[in-house]
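What follows is calculated from the coordinates using simple rules that are stated; it is not laboratory data. None of these values were measured; they are calculated from a predicted model. Cβ coordinates were reconstructed from backbone atoms using ideal geometry, including for glycine residues, and neighbour counts include every protein chain displayed.
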Amino acid sequence: MKRRYSSHHCWRRAQSIDELAWMARHRLPAFAWEYVHGGSEDEITLGDNRRAFAAWGWQPRTLVDVDVRHSRTQLLERPAELPMAIAPTGYNGMLWRDGDIALARAAASRGIPFTLSTVSCTSLETLVAAVPNVRLWFQLYVLDDEAVRNDMLERASQAGVETLMVTTDTVVLGRREWDSRSYVNPRRLTLAHMLDAGLHPQWAYRALWPQGLPTLGNLVKYLPKEQQSAGSAAGYINQRMTRRLTWEVLADIRKRWPGKLLIKGILNAEDALAAKRIGADGVVVTNHGGRQLDGAPATLDALPEVVEAVGDSMHVLLDSGIRRGGDIAKAVALGAEGVLCGRATLYGLALGGEAGAAHAIDLLRDQLHNLMAQLGRPSLEQIDASCLRRSPYSPAPNESSRRPSEALSFKGAGGEIPGDMP
Ligand SMILES: Cc1cc2nc3c(=O)[nH]c(=O)nc-3n(C[C@H](O)[C@H](O)[C@H](O)COP(=O)(O)O)c2cc1C
């Protein structure tokens, strides 16, 4: 049944991430919704990520004292309240003004790390000044200019970044067909975009007012003068992403980066072992939330072989498709140290800024704690493969729910909007 969520704070009543997503869909103009929610091509991997979680059921134990339960753990050898961090996502300012800061504050208040993307709206320096108490991780997109890369590493180090996460699955962007429709070239705000924005005044007020679309804070200093606006910057960075990202480049980054190093883009044992050989501290098993290679394995399916290959000697995290506290538990049961969440907290951010993102984290945490009680495993150490059983029944519905945006693709005049975001 289609429900309209018009009240300002009704997202506080959302009981699941899917409900938050549904509300966010109504709150956002189509081009922003599609940017957040969509996947590449036929969105098979996007759906498989969810189906892989649904394919596992639970094996509960009964008559266990579960009065006290907690999900406190170590993530990369430091304490976290949940086995979870916020994933790097670009252009959070399109969802909420100063969206990166809002997400980082939500993470800090809930005791989990936050990852700032290379293509964030807020710069590293501004973020650290605004949220000094967050466990800050920084995600690096490797550009073709070595001087820029080294400068970003230096800035990350100066900013006190604890962990560097190098993303390796975006040497070219996946074909996100909704993006190609929504973002016309040159990347200009069309009449259709403006009409759509006008139909979503809450979004326009929360995200755009008063300064309009923000640019890419980390990259401003490297951009040519005439390409500093949001739309131009995104296109420029996309062109400058190196297509020559190899293990040699990663080995060089390893030499230069003294802190923890995670490689984000691993889907098999061979690459995990290569990451170990260059001295990385850990890997993120990911398919970029189904936004890159369509047909790539669901991450929960890829996890066991990676854990078997390097789980004893490296940190293994997983992302893509986490929508329930139970999904976090399934990843942990199959050997992950923790997970990253991308869209789950973005839906919350789009609805309520910091409070909305915190609400998303609270939902995941409460679901996890409830599950632990019902499973008869009141602490995370007790969650292992013995909790799981293969479900013989049907998998989750395909998450794909693109809305046709052909109607929005006619061109008009106007300002610039970001396009082709990593
Ligand atoms: C809107 C959006 C923007 C993203 N931007 C980045 C990015 O800038 N850098 C990056 O490494 N990954 C990026 N990702 C991928 C996420 O880090 C993460 O791998 C993915 O969102 C996990 O899947 P989930 O959204 O199902 O949790 C982005 C994902 C989304 C949804």
Checklist entry - For the chain, list the DSSP H helices whose alpha carbon atoms reach 30 Å or more along the long axis and whose average Kyte-Doolittle value is 0.5 or above? => result none
Checklist entry - What distance in nm separates the simple spin-label points at residue 62 and residue 248, each placed 7 Å from Cα in the Cβ direction? => result 6.3 nm
Item to check | Mean ellipticity per residue at 222 nm, deg cm²/dmol - from DSSP H runs of n ≥ 4 across the chain, formula -39500 (n - 2.57) | outcome: -11500 deg cm²/dmol
Checklist outcome for this item: Here the gain from full extension of residue 384 to residue 362, 0.36 nm per residue of separation minus their alpha-carbon distance, amounts to 5.6 nm
Checklist entry - Where does segment 16-391 land on the Kirkwood hydrodynamic radius, alpha-carbon pairs, in angstrom? => result 20.9 Å
Checklist entry - Could you give the length gained on full extension between residue 225 and residue 175, defined as 0.36 nm per residue of separation minus the Cα-Cα distance, in nm? => result 15.1 nm
Item to check | Residue (of 353, 261, 86) at the positive-pole extreme of the chain, dipole from beta-carbon charges | outcome: 353
Checklist outcome for this item: The size of the Cβ-based charge dipole (Lys, Arg +1; Asp, Glu -1) of the chain about the Cα centre, to the nearest 20 debye, is 1020 debye
Item to check | Under 23 Å between alpha carbons - lysine pairs in segment 16-391 that sit 8 or more apart or on different chains | outcome: 5
Item to check | Inter-centroid distance (Cα atoms) of segment 76-117 relative to segment 210-266, Å | outcome: 19 Å
Checklist entry - So what is the relative contact order for segment 16-391, in percent, with contacts set as C-alpha pairs under 8 Å and at least six apart? => result 29 percent
